[in-house]
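The values are calculated or read from the model by the stated rules, or taken from the named source; none is laboratory data. On a predicted model such as this, the values are computed, not experimentally measured, just so you know. We place every Cβ from the backbone using ideal geometry, glycine too, and count neighbours over all the protein chains shown. With ligands, DNA and RNA removed, areas are computed over all heavy atoms of the protein, side chains included. Shrake-Rupley method; radii C 1.70, N 1.55, O 1.52, S 1.80 Å.
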Amino acid sequence: LHAYIQGPTVVYSEFPNVDWYCKDNQRRDVWYYRGRKMVCVNNPDFVDFVKQKIAAVAKLGVDGVFIDNVFMGQLTMPVFKDKLPFVFAGCYCEHCIAKYQEEKHSDIPSDFEENTKATREYLDWRVGCLTQFLSQLSSFAHERDLLFGSNSYDPHFLPKYTYGIKNKDLDKIQDYHLFES
């Protein structure tokens, strides 16, 4: 029996006083679905919130946890092969801006067509952020003797650019993948 935990999307009316929300390159909130917004995986308060959920379900005697809807920020249209998205993807919140500047010593590109080298570097960084987020949660779950898995989406779309995940990296930290398709 695995507990279902919603990933970095929330019903925003249930969290009106938090500063978790992803921003696009125009600094607007990133919507997931009607009534739901994307949450930044680089926001330490959100990471702590999810860890609290994992700790709570661990006390219920479940065998594991499943994190759904795991991707980072603004999605792109599905891309194929090694073609870059032509619109912004990811998150442009204050946490991401600061982390990117600290690690890469440059700004997050807001125009993906202007400098494809910078765009690839950012999209690779985005994958690293999401892998780090899941790694933290996986370790936290494993410390509580829980199995850990997440939704890995359709591997035929290039998930590295579309969702910000790289399935081979997740193989090292998760006990299983769930593919919706």
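Values as computed for the structure displayed
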item: Theoretical FRET efficiency, 1/(1+(r/R0)^6), r = Cβ-Cβ of residue 116 and residue 59, R0 41 Å, to 0.05; result: 0.25
item: Overall form of the stretch 16-70 per C-alpha gyration tensor (a/c, 1.5; a/b vs b/c); result: prolate
item: When the stretch 31-106 is reduced to its Cα atoms, the Kirkwood hydrodynamic radius in Å; result: 15.1
item: Tilt relative to the chain, helix 44-58 - C-alpha long axis, 0 to 90 degrees, to 10; result: 30
item: Convex hull volume per residue in cubic angstrom - Cα atoms of the stretch 99-181; result: 99
item: Links that overshoot a 30 Å alpha carbon limit, given the list 59/104; 59/99; 117/172; 104/166; result: 59/104; 59/99
item: Taking the C-alpha atoms of the stretch 1-42, convex hull volume expressed per residue in Å³; result: 94
item: Antiparallel DSSP beta bridges within the chain, as percent of all bridges there, nearest 5; result: 40
item: Dipole magnitude (debye, nearest 20) for the chain, charges at Cβ of Lys, Arg, Asp, Glu; result: 200
item: Apportionment of accessible area to carbon and sulfur, the chain, percent (1.4 Å); result: 50
item: Whole-number accessible area per residue in Å² for the chain, which is evaluated in the context of all protein chains at 1.4 Å; result: 52
item: Gyration tensor verdict on the chain (Cα atoms; rounded if a/c is under 1.5, prolate if a/b is larger than b/c, oblate otherwise); result: prolate
